[in-house]
Structures are given as C-alpha cells and as structure tokens.
Amino acid sequence: MKLGEIAERLECKLAGPAGIEITGAAGIDEAGPTELTFLANPKYRPKVESTRAAAIILGLDEPDPHRPALRSGNPYLAFARALELFHPPERPPAGIHPTAVIAPSARIGRGASIGPYAVIEPGAEIGDDCVLKSFVVIYRGAKIGHRFFAHSHAVVRENVRIGDDVVLQNGAVIGCDGFGFARQADGSYHKIVQAGTAVLEEKVEVQAHACVDRATVGETRVERGVKLDNLVHVGHGCRLGENTLVCAQAGLAGSSRVGRNVILAGQTGVAGHLTIGDNVIAIAQSGIPSDVRPNCVIAGSPAIDRALWLKCSAAYSRLPEMFSAYLKAAKLLGNAQGKSGN
C-alpha cells in the first residue's frame, strides 16, 4: 500500500513521498525498512533516529524525524487504524455448525455464524451478524443485539441483556450469580437467590475470564463503551459509567458506582456501596475503601491523592533511618532533661 493512500485513509498530513510502498506496521524497535511505525510517548523520541521504519506516524508538533512521516493529532489512534489496514479483522462465514444445539424457540438474526458445540437455550434472542465460536453458551431468555461476537467458552446467563457491537473474549461470563449468602444461627450460610440481571450496553468489550455478576435484585449495568480487561470481576449491583476502563485483575465489590471515563489500573480493589466520580484514575494496586471525588488521580491502599502517595512512598523506605534518628534524639532529650532535673 502506498504511503499517500495510507495518509488519506488515516486522515493524516503526509510529509514525504506519496509513492513509498508500505508493507505493514510495527513498533518503533521492530519495524523494518518497508514498514510504518509511530511515536506517541515522548520518552521514545530518541528511538526516532535509530528506527529502521520507512515512515513514522507522529504528533503535529513533533520535530522533523528526517524520514517520511504522517502527522496526526492522535498518533496512537492513527497507528491502531493503520494496523487494521494490514490486518483487517477476520469474520468466519455465515452458517450453523451441525453440532450446535439451538432451541426451537430461540430467535437468531440474519448472517449468523455459529460454531461447533455452541448452545442457545429456549427464548434467547440474538440480532443480525452474530458470531458464536465453539462452546459458547447462551442461556434461556437472554436478549442480545446486532454484531455480537463471542469467543470460545464465553457464557451469557439467563435473562441477561446485551446491546449492539459487544465482544466477549474467551471464558468471559456475563450474569453469573452474585456473591450473596446470609449467615445462619449455626454459622453456616444460606444462598440468596440472585433474582436480578446484568446489562451490557453498546460497544462493550469483556476480555478473557472476566465476570460480570447479576444483581440480587434489579440489575448490574455496564454502560456504553466500557472495556473490562482479563480477570476483572464486577460484583452484583454495580454500575460502570460510559467509556470506563477496568484493567487486569481489578475487582469491584457489590453495589459500587463508577463514573464515566474512569481508569482503574491493574489489581485495583473497590469496596462495595461507594461512588467513584467521573474522570478518576486509580494507579495500579490501589485499594479504594470510600467515595472518590471526580477528576482526581489516586494511589495506594487505602487510596489517597497520588501526589501525597508519592511523598509517602519516598519516605517509607527511609523509615528505619528516621526511626533510628528519632530514638537517638529522644535519648539525648531524656538525658538533657535528667541533668536539668538534678
């Protein structure tokens, strides 16, 4: 593909010959002499001189890279779209594998591709152009929109509702029982029926082995554009606002409320029955025990303002030295007070 065509399709400003042939896209270290790369993080700017790439996508205000370039207001997004040009997503052909088990009362839209040993139970509804890979299970009464893509071993439980353009990666489970048990007089636990449901709105992606619990009553809701990483747990009755990112191994206890455009980095833990405001960023391994105001960056456990956490972290490694100094000062003070008393 010619560099000029790529620039046009990515809506980038071309700086260099339009006729250069580009065969692929790769990272700045790996790119070869016929490939396109990108610069989005300033810390990698020194690599611009050493990369072997034929051309580079970079910001509008970046210095001249001394090679053909595509200028973009969002180089990372432009590179993501460039990857799609060379590696367009594959969609299996329409058709239903003979080993799939589909209830007569299930309703499936046009153009479905349903793989081996997939199961669709009674009363389930799926829109047009769905893809169900092998061993996907759709429980009774689930309602799913158009262009649904479920990878192998994904499960959609009973009466769950899913919007258009939702992707479930391998092993994702939507609408599993919430963790609800009532303690009995003898110390054992009585299971609380999870009578509610789970809702995924449009353009949600749930990655491998992540789980969204159904509510005890009412619903667990994951709003439009939310992305859940591998091994994420969303507890029963939670609500996640639009375009929120929850990274790997993060967990939300029941009835948490998370605002829009929030980022919960890896292994963040969120206590139940709290509210996190819009545009919050929680640094990896944050422990969030209480409400968080909007538009802030937090870190640590219990989570505090990131700037304060950095100061505390810097002091933590010096605690033995500081404590030793304190003991010496206290001893000197004690000796001085003893002498003055005499």
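We did not get these values from a lab; they are worked out from the coordinates using the rules stated. All values reported here derive from a predicted model rather than from experimental measurement. So basically every Cβ, Gly included, is an ideal-geometry build from the backbone, and we count neighbours across all protein chains shown.
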For this session: State the volume of the convex hull built on the alpha-carbon positions of segment 238-302, expressed per residue in Å³ and rounded to an integer.
Result: 57
For this session: Beyond 30 Å between alpha-carbons counts as too far, so tell me which of 43/227; 13/43; 47/203; 311/339; 13/133 fall in that bin.
Result: 47/203; 311/339; 13/133
For this session: Return the Cα extents of segment 1-149 along principal axes one, two and three, sorted largest first, each rounded to a whole Å.
Result: 64, 26, 25
For this session: Report, for the chain, the % of DSSP beta bridges that are antiparallel, rounded to 5.
Result: 10
Seminar exercise, completed: Compactness check, segment 114-173: C-alpha Rg relative to the 2.2 N^0.38 Å globular estimate gives 0.93
Exercise. When DSSP assigns beta bridges and you keep just the ones with both residues in segment 3-86, what percent turn out antiparallel, to the nearest 5?
Worked result: 25
Seminar exercise, completed: So, with points 7 Å from each Cα along the Cβ direction, the residue 279-residue 301 label distance in nm works out to 2.9
Exercise. Under a straight-distance cross-link criterion of Cα-Cα below 16 Å, which aspartates and glutamates are reachable from residue 331, leaving out those fewer than 8 residues away in the same chain?
Worked result: 321
Seminar exercise, completed: Karplus-derived 3J(HN,Hα) from phi for segment 8-18 (6.51 cos²θ - 1.76 cosθ + 1.60, θ = phi - 60°), whole Hz, x at Gly and Pro, runs 5, 6, 8, 6, 10, 8, 7, 10, x, x, 6
Problem set entry | Most fluctuating residue given options 104, 42, 93, as computed from a GNM of the chain linking Cα atoms under 10 Å | 42
Problem set entry | Percentage of interatomic Cα-Cα distances in the chain larger than 26 Å | 64
For this session: Rank-order 44-53, 68-77 by packing density, defined as the average count of other C-beta atoms within 10 Å over each peptide's residues, highest first.
Result: 68-77, 44-53
For this session: Find the relative contact order for segment 3-86 and round it to a whole percent, using C-alpha pairs within less than 8 Å whose residues are 6+ positions apart.
Result: 30
Problem set entry | Nearest-0.05 FRET efficiency for residue 291 and residue 2, computed from C-beta distance (R0 51 Å) | 0.40
Problem set entry | CD proxy at 222 nm, helix term only [per DSSP H run n ≥ 4: -39500 (n - 2.57); per residue of the chain; nearest 500] | -5000 deg cm²/dmol
Problem set entry | Rounded to whole Hz, the Karplus (6.51, -1.76, 1.60) HN-Hα couplings of segment 292-302, x for glycine and proline | 10, 5, x, 6, 9, 10, 10, 7, x, 9, x
Exercise. How big is D for segment 1-66, in µm² s⁻¹ as a whole number, if Stokes-Einstein is applied with the Kirkwood radius of its Cα pairs at 25 °C and 0.890 mPa s?
Worked result: 205
Exercise. For the residue pair residue 188 and residue 90, what label-to-label distance in nm results when each label sits 7 Å from Cα along the Cα-to-beta-carbon direction?
Worked result: 5.1
Seminar exercise, completed: HN-Hα couplings for segment 105-120 via Karplus (6.51, -1.76, 1.60; θ = phi - 60°), in whole Hz with x for Gly/Pro, come out as 8, 6, 10, 10, x, 6, x, 6, 10, 10, x, x, 6, 5, 10, 10
Seminar exercise, completed: Given backbone amide H placed at 1.01 Å from N, residues whose amide H is under 5 Å from that of residue 210, ignoring those fewer than 5 places away on the same chain, are 172, 173, 231, 232
For this session: Wrap a convex hull around the Cα atoms of segment 211-321, take a quarter of its surface area, and give that in square nanometres.
Result: 6.8
